[in-house]
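Okay, handing you the structure first.
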Amino acid sequence: MSNISRYLCLFIFTPLFSLAQNKISGKVTDSKKHPLPGVNIALKGSYDGATTAADGSFSFPTTATGDQLLSASLTGYQTLELKINTAAGEQLNIVLKSAVNALRVVTISAGSFEASDDKKGTVLKPLDIVTTAGAGADIANAIKTLPGAQQTNDREGLFVRGGTGYETQTLIDGMLVRNPFYSSLPDIPGRGRFSPFLFKGTTFSSGGYSAQYGQGLSSALILESIDLPERSSSTVGVSVIGVNAGLDNLSKDKKTSYGIEADYTNLAPYFNIIKPKNAPNLGPEIIGTSVNFRRKTSRTGMLKFYGYGNWTKMGFNSNSLEYPGYTESFKLHNNNVYTNLTYRENIGRDWHLYIGASFSSNTDNIDADTLQKNPGPSLIKVQSNLSQSRVMFYKNLGRFSVLRFGGEYQYAEERSAFNRNKANFTDNYTAAFAEGDIYFTPSFVGRVGGRAEYSSVLGEMNFAPRVSLAYKVNNFSQFSVAYGDYYQKPEPQYIRFDRNLGYMKATHYILSYQRVATDYTFRTEVFYKKYADLVKTVPTYNNNGSGYAQGVELFWRDRKTFKNVDYWISYSYLDTKRDYLNYPFRVQPDFAANHTASIVYKHFLPKLSTNLGLTYSFATGRPYYNPNQPTDKFMSDRTMTYNSVGVSASYLTNIRKAFTIFVLSVSNVLGNKQVFGYHYSSDGLRRDEVVPNVPRFIYLGMFMNFGIDRRQDVINNL
Amino acid sequence: MKRLFLAFLFTGSLATVAVAQSAQYTEAMTKQTSDLDSSSTFTQEALQQKANTFERIADAEKSQWLPYYYAAYMQVMQAFTLKDKSQIDPLADKAESNLDKAEALSPKNSEIACIRSLVATARLTVDPMTRGMKFGPEAAAQLEQAKSLNPENPRIYMLEGQSLLFTPEQWGGSKSKAKTTLELALEKFAAFKPESSIAPHWGETYTRKLLEQSQK
């Protein structure tokens with residue numbers, strides 16, 4: 001400091017010191033009278049002020065005189081300004097109100113599990129799906145560790161709260177995905193067709209979902225693709241069952257990106273070493289490829305394209321149950337293409353526009369034969385093409401409330417041929433929906449909506465009202481209730497033969513409580529679901545089926561108690577009965593277990609930079625049909641209980657400039673016997689257990705990612 | 001003549017006020033920045049107090065980038081001392097809003113980029129497993145940005161050295177590389193001439209401490 005200014009300092013300040021200094025003191029509390037430490041108390045326009053102590057008190061001298069503006073501010077609270085008189089010398093009592101931020105605002109949560117990086121307070125992160133042991137990086141398999149989903153590992157799809165796999169719809173960016181699972185053979189479940197890395201958000205709704213979506217009686221799996229990647233990169237992967245490579249390119253202005261990926265899977269070499277129960281006679285081989293293009297068209301606009309194609313061939317021989325000594329051959333060729341284009345933009349005055357279009361085509365060619373026996377092979381060809389377009393407008397009302405409405409059109413072509421017999425049909429499906437999220441207060445929200453649908457093949461219209469309410473008790477806990485009607489077309493194989501069928505219907509009632517803190521989550525739900533108009537196949541095709549499902553579910557996740565350990569436990573109790581297809585009366589169906597539980601354990605070892613994972617799943621026995629029982633004992637037999645322990649270890653390292661992960665995972669590591677049901681010969685004399693084709697699967701793979709900065713991760717010891 | 005005299009008197013007194021205010025500013029800032037290398041500053045309470053004081057000065061002045069900058073620096077350091085990780089993001093938000101104000105007053109500033117790098121690192125610590133992919137590279141990119149704006153800023157090399165030191169080797173960390181970078185930082189500190197007594201000049205003591213650790 002120069003001498004002059006030092007002199008001036010002295011000159012200017014000296015007279016002030018001779019003035020009487022005023023002291024300002026007081027105490028700051030929150031609205032519940034708890035003292036608030038760390039509050040910044042400031043006299044506006046001056047440096048004078050203080051920070052409150054642990055008991056909320058403050059005191060500071062000031063040279064300011066007369067009426068002044070005093071402000072009190074603290075993160076998470078609304079800043080308070082008040083006029084004071086410096087000379088008054090009174091003890092100030094200041095009460096700060098908590099600020100309303102996104103974290104404190106209640107969200108509709110009944111029936112839904114959300115995995116997201118963007119939103120705070122979600123139960124799962126996208127990475128949690130990838131790192132769940134035993135799930136094999138498959139989204140649906142990871143979802144099966146959550147309450148509500150069944151351990152139905154003999155067929156693909158998510159079986160939720162007493163519903164079949166057909167009753168769960170998969171959506172990517174709001175657009176329906178037909179055939180989200182690889183076509184597969186009887187008793188062998190197909191994996192999901194898309195990589196979990198493509199999605200920034202995953203919502204698993206086990207009931208009570210929004211009027212935006214329809215045609216799922218039980219559940220919706222809502223996937224939201226990532227916007228632009230963080231940076232350009234390329235990946236290479238090698239495993240015991242195949243290879244894959246991909247490229248992601250982000251433009252210099254960070255507004256446009258494209259990605260391309262290809263993979264090849266061949267299980268034949270693996271099955272040569274580890275003999276499966278049924279030997280392959282074709283493949284199994286899968287060629288897959290996917291492309292994406294994303295462009296930020298303006299500050300608020302986003303255009304996304306995503307498409308994939310898969311070509312599968314696989315076949316197995318098995319011993320014939322019907323004709324002892326003979327061999328049954330089953331071969332499948334599948335082609336599947338899916339494309340999805342969406343565009344979002346803010347069109348001004350708080351109005352937003354969403355437009356989407358998708359096209360998918362799936363062809364299964366099946367060749368089933370009892371070898372060296374008449375008649376000749378059965379050739380089955382099933383093809384389904386679906387075009388979909390969707391438009392939605394939404395408007396923000398006030399700070400949090402939203403109004404949405406829109407419509408949807410689908411054109412479906414369902415073709416099938418059994419040898420020379422063809423049964424084709426087309427359907428024009430239109431739907432309109434409207435829904436409002438109305439915030440009565442930041443902690444009390446109601447969602448009211450409805451959906452109307454018309455299907456030309458059924459020649460019928462429906463209207464489905466949906467209502468949910470959520471109330472946040474405090475920063476962590478909230479209660480929700482949901483009610484809704486859900487309609488779905490019968491499966492194509494029934495509509496093919498009877499055009500007089502109508503919609504199947506389910507009504508959901510859900511009550512849920514959840515407590516979400518940074519490091520732990522507790523959730524419980526009770527539900528009741530009523531089924532009506534289910535398809536029956538006897539005496540002729542009709543809609544006279546019915547049923548119910550009710551239960552209690554618990555979920556607990558803890559990331560705090562044990563260092564570097566993250567675990568969750570889920571439990572579902574399910575009581576369900578239905579009368580559908582050829583059932584003589586209401587019984588517990590063969591895909592439903594009464595008790596289901598999972599424990600997912602993840603342990604990170606920072607020194608070895610290794611992730612260890614363990615997943616244990618349990619389910620009580622499921623009913624199966626035994627033709628030797630009298631009719632009144634239909635489906636009264638139960639399979640053995642299901643136990644499965646999956647483990648995985650992934651080691652993260654750098655090889656030259658590539659970020660590399662080595663993965664070892666073993667399913668059913670203890671070799672527990674798993675029986676999902678029984679097949680009987682038509683005379684009921686012989687039976688065959690339905691078991692996994694390989695009791696234990698060992699997977700070893702290596703994935704390399706180039707282009708990620710080396711210093712990226714784990715700078716967490718600071 | 002009388003008018004002229006009055007005018008003189010008027011401008012004279014205005015000038016006095018202007019200089020006086022900047023003197024008050026300089027004095028307050030000198031006091032607040034003098035102990036930034038002392039370990040007693042780096043407790044939760046002391047950091048919060050300093051952050052609040054800098055914010056008060058910033059709000060009263062409105063035209064100076066330094067108090068905003070120092071408030072952000074204190075807030076991000078406070079974020080590192082927090083046990084409750086849910087409080088890190090709100091503090092990082094606050095620091096970032098102060099940095100935005102600082103940057104509006106002093107664009108293309110290497111010192112501000114350094115603090116932005118620290119903010120990214122603080123956000124990363126909330127959940128390294130899921131946030132590493134995003135905030136790790138951002139922290140590094142901000143240091144690169146700082147380097148391109150002023151390669152002579154010693155704090156860039158201090159932060160780089162720190163990250164090399166605390167990153168596990170399989171992730172690209174290295175004690176020997178940390179040592180070289182920290183030694184470079186000390187050279188830069190020796191050559192560094194802060195623009196004024198209150199311009200950023202912190203970090204040399206901490207760099208020496210880091211260097212000791214890297215030699216262990």
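Are any residues in the range A:588-616 small (Gly, Ala, Ser) and away from chain B (no Cβ under 14 Å), and if so, which ones? Don't jump to the end; show me each part of the working.
Step one: filter the range A:588-616 for residues small (Gly, Ala, Ser), giving A:592-593, A:597-598, A:609, A:613.
Of everything in the range A:588-616, those that are small (Gly, Ala, Ser) and away from chain B (no Cβ under 14 Å) turn out to be A:Ala592, A:Ala593, A:Ala597, A:Ser598.
Here is a yes/no grid of residues against (1) within 12 Å of chain A (Cβ to nearest Cβ); (2) of a type in the set (Gly, Ala, Ser); (3) in contact (Cβ under 8 Å) with a residue 24 or more places away in the chain:
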residue	(1), (2), (3)
B:Leu118	yes, no, yes
B:Phe135	yes, no, no
B:Glu138	yes, no, no
B:Ile156	no, no, yes
B:Ser163	yes, yes, yes
B:Leu182	no, no, yes
B:Ser197	yes, yes, yes
B:Trp202	no, no, yes
B:Leu211	no, no, yes
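Also, I was wondering about something else. Residue by residue through the range B:86-135, note down the ones that are within 14 Å of the chain's Cα centre (by Cα), surrounded by fewer than 19 Cβ atoms within 10 Å (Cβ to Cβ) and part of a loop (DSSP other than H, G, I, E, B).
Hit for the range B:86-135 is B:Ser106, nothing else.
Quick one: in the range A:19-43, which of the residues that are within 11 Å of another protein chain (Cβ to nearest Cβ) and either crowded, with 19+ Cβ neighbours inside 10 Å or modelled with pLDDT under 85 (or both) is farthest from B:Arg56 (Cα to Cα)? Steps first, please.
Going through the range A:19-43, the residues within 11 Å of another protein chain (Cβ to nearest Cβ) turn out to be A:37-43.
Adding the requirement that they be either crowded, with 19+ Cβ neighbours inside 10 Å or modelled with pLDDT under 85 (or both) leaves A:38-43.
Values: A:Gly38: 14, A:Val39: 12, A:Asn40: 8, A:Ile41: 9, A:Ala42: 6, A:Leu43: 8 Å.
Going through the qualifying residues, I end up with A:Gly38.
Quick one: A:Thr518 ticks every box in (1) in contact with a helix residue (DSSP H, G or I) (Cβ under 7 Å, 6 or more places away or on another chain); (2) away from chain B (no Cβ under 14 Å) bar one, so which box is it?
(2)
I would also like to ask the following. Given the criteria within 12 Å of chain A (Cβ to nearest Cβ) and at pLDDT below 50, does B:Thr30 qualify?
Numbers: within 12 Å of chain A (Cβ to nearest Cβ): yes; at pLDDT below 50: no.
For B:Thr30, the condition - within 12 Å of chain A (Cβ to nearest Cβ) and at pLDDT below 50 - is not met.
Checking the structure you have, find out if any residue of the range A:216-229 is over 23 Å from A:Ile143 (Cβ atoms) and touching an Asp or Glu at 6+ places or on another chain (Cβ under 8 Å).
yes
I would also like to ask the following. State whether one or more residues within the range B:52-71 are surrounded by fewer than 23 Cβ atoms within 10 Å (Cβ to Cβ), at the interface with chain A (Cβ under 8 Å from one of its Cβ atoms), farther than 30 Å from A:Leu228 by Cα and not acidic (Asp, Glu).
Yes - at least one qualifying residue is present in the range B:52-71.
Moving on to the next point. Against the conditions (1) within 13 Å of another protein chain (Cβ to nearest Cβ); (2) over 30 Å from B:Ser22 (Cα atoms), where does B:Gln145 fall short? Just the number, please.
Of everything listed in (1) within 13 Å of another protein chain (Cβ to nearest Cβ); (2) over 30 Å from B:Ser22 (Cα atoms), B:Gln145 misses just condition (1).
Which of (1) within 22 Å of A:Thr164 (Cα to Cα); (2) under 22 Å from the mean Cα position of the chain (by Cα) is the odd one out, the single condition A:Trp556 does not satisfy?
Of everything listed in (1) within 22 Å of A:Thr164 (Cα to Cα); (2) under 22 Å from the mean Cα position of the chain (by Cα), A:Trp556 misses just condition (1).
Residue by residue, here is whether (1) in contact with a strand residue (DSSP E or B) (Cβ under 9 Å, 6 or more places away or on another chain); (2) under 30 Å from A:Ile661 (Cβ atoms); (3) in a helix (DSSP H, G or I); (4) not aromatic (Phe, Trp, Tyr) holds:
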site	(1), (2), (3), (4)
B:Lys177	no, yes, yes, yes
B:Leu182	no, no, yes, yes
B:Trp202	no, no, no, no
B:Tyr206	no, no, yes, no
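Another question, then. For the range B:37-74, give me each residue that is within 22 Å of A:Phe60 (Cβ to Cβ) and outside any helix (DSSP H, G or I).
Residues satisfying the conditions are B:Thr43, B:Lys62, B:Gln64.
Run down A:Phe181, A:Phe199, A:Phe194 and say which single residue is buried (at least 22 other Cβ atoms within 10 Å of the Cβ), of a type in the set (Phe, Trp, Tyr) and either over 23 Å from A:Ile260 (Cβ atoms) or touching a residue at least 12 places away in the same chain (Cβ under 8 Å) (or both). Quick ask: steps written out before the conclusion?
Details: A:Phe181 fails: buried (at least 22 other Cβ atoms within 10 Å of the Cβ); A:Phe199 fails: buried (at least 22 other Cβ atoms within 10 Å of the Cβ).
Step by step, each of A:Phe181, A:Phe199, A:Phe194 is checked, and only A:Phe194 is buried (at least 22 other Cβ atoms within 10 Å of the Cβ), of a type in the set (Phe, Trp, Tyr) and either over 23 Å from A:Ile260 (Cβ atoms) or touching a residue at least 12 places away in the same chain (Cβ under 8 Å) (or both).
Table: residues versus (1) within 21 Å of B:Met74 (Cα to Cα); (2) assigned to a strand (DSSP E or B); (3) touching a residue at least 12 places away in the same chain (Cβ under 8 Å).
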{"site": "A:Gly26", "(1), (2), (3)": "no, yes, yes"}
{"site": "A:Lys32", "(1), (2), (3)": "no, no, no"}
{"site": "A:Ala42", "(1), (2), (3)": "yes, yes, yes"}
{"site": "A:Gly45", "(1), (2), (3)": "no, no, yes"}
{"site": "A:Ala53", "(1), (2), (3)": "yes, no, yes"}
{"site": "A:Phe60", "(1), (2), (3)": "no, yes, yes"}
{"site": "A:Ala64", "(1), (2), (3)": "no, no, yes"}
{"site": "A:Leu69", "(1), (2), (3)": "no, yes, yes"}
{"site": "A:Ala72", "(1), (2), (3)": "yes, yes, yes"}
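Filter the range A:311-335 down to residues that are over 23 Å from A:Pro180 (Cβ atoms) and among the aliphatic types (A, V, I, L, M), then give me how many there are.
1
Within the range A:647-663, how many residues are within 20 Å of A:His603 (Cα to Cα) and facing chain B (nearest Cβ under 10 Å)? Break it down stepwise before answering.
So in the range A:647-663, the residues within 20 Å of A:His603 (Cα to Cα) come out as A:647-653, A:660-663.
From what is left, the residues that are facing chain B (nearest Cβ under 10 Å) are A:651-653, A:660.
So the count comes out to 4.
Among the numbered conditions (1) part of a strand (DSSP E or B); (2) over 21 Å from A:Arg586 (Cβ atoms), tell me where A:Asn474 comes up short.
It fails just one condition, (1).
Here's something else I'd like to know. B:Lys83 - would you say it is more than 9 Å from chain A (Cβ to nearest Cβ), more than 30 Å from B:Glu27 (Cβ to Cβ), of a type in the set (Lys, Arg) and not in a helix (DSSP H, G or I)? Before the answer, list the steps.
Numbers: more than 9 Å from chain A (Cβ to nearest Cβ): yes; more than 30 Å from B:Glu27 (Cβ to Cβ): yes; of a type in the set (Lys, Arg): yes; not in a helix (DSSP H, G or I): yes.
Criteria met by B:Lys83.
Residues in the range B:97-106: is at least one in contact (Cβ under 8 Å) with a residue 12 or more places away in the chain, within 14 Å of another protein chain (Cβ to nearest Cβ) and over 21 Å from B:Ala191 (Cβ atoms)?
yes
Another question about this same structure. Just to check your reading of the model, which residue among A:Lys563, A:Lys530, A:Lys577, A:Lys489 is free of Cβ contacts under 8 Å to residues at least 24 places away in the same chain and basic (Lys, Arg)? Break it down stepwise before answering.
On the way: A:Lys530 fails: free of Cβ contacts under 8 Å to residues at least 24 places away in the same chain; A:Lys577 fails: free of Cβ contacts under 8 Å to residues at least 24 places away in the same chain; A:Lys489 fails: free of Cβ contacts under 8 Å to residues at least 24 places away in the same chain.
From the options A:Lys563, A:Lys530, A:Lys577, A:Lys489, the qualifying one is A:Lys563.
Restricting attention to the range A:212-257, which residues are among the polar types (S, T, N, Q), outside any strand (DSSP E or B) and modelled with pLDDT of 90 or more?
Taking the range A:212-257 and keeping what is among the polar types (S, T, N, Q), we get A:212, A:215, A:218-219, A:225, A:232-235, A:239, A:244, A:249, A:251, A:256-257.
Checking the rest, the ones that are also outside any strand (DSSP E or B) come to A:212, A:215, A:218, A:232, A:251.
Listed by number, the residues that qualify are A:Gln212, A:Gln215, A:Ser218.
Would the range A:366-381 turn up any residue that is surrounded by 16 or more Cβ atoms within 10 Å (Cβ to Cβ) and under 24 Å from A:Ile260 (Cα atoms)?
Within the range A:366-381 (the criterion being surrounded by 16 or more Cβ atoms within 10 Å (Cβ to Cβ) and under 24 Å from A:Ile260 (Cα atoms)), the answer is no, since none of the residues qualifies.
Can you tell me which residue among A:Ala452, A:Ala470 is within 30 Å of B:Lys85 (Cβ to Cβ), in contact (Cβ under 8 Å) with a residue 12 or more places away in the chain, among the aliphatic types (A, V, I, L, M) and in contact with a strand residue (DSSP E or B) (Cβ under 6 Å, 6 or more places away or on another chain)? Write out each step before concluding.
Details: A:Ala452 fails: within 30 Å of B:Lys85 (Cβ to Cβ).
Checking each option against the conditions leaves just A:Ala470.
The values are calculated or read from the model by the stated rules, or taken from the named source; none is laboratory data. Keep in mind it's a predicted model, so treat the numbers as computed, not measured. Please note: Cβ atoms are built from the backbone with ideal geometry, for glycine as well, and neighbour counts cover all protein chains shown.
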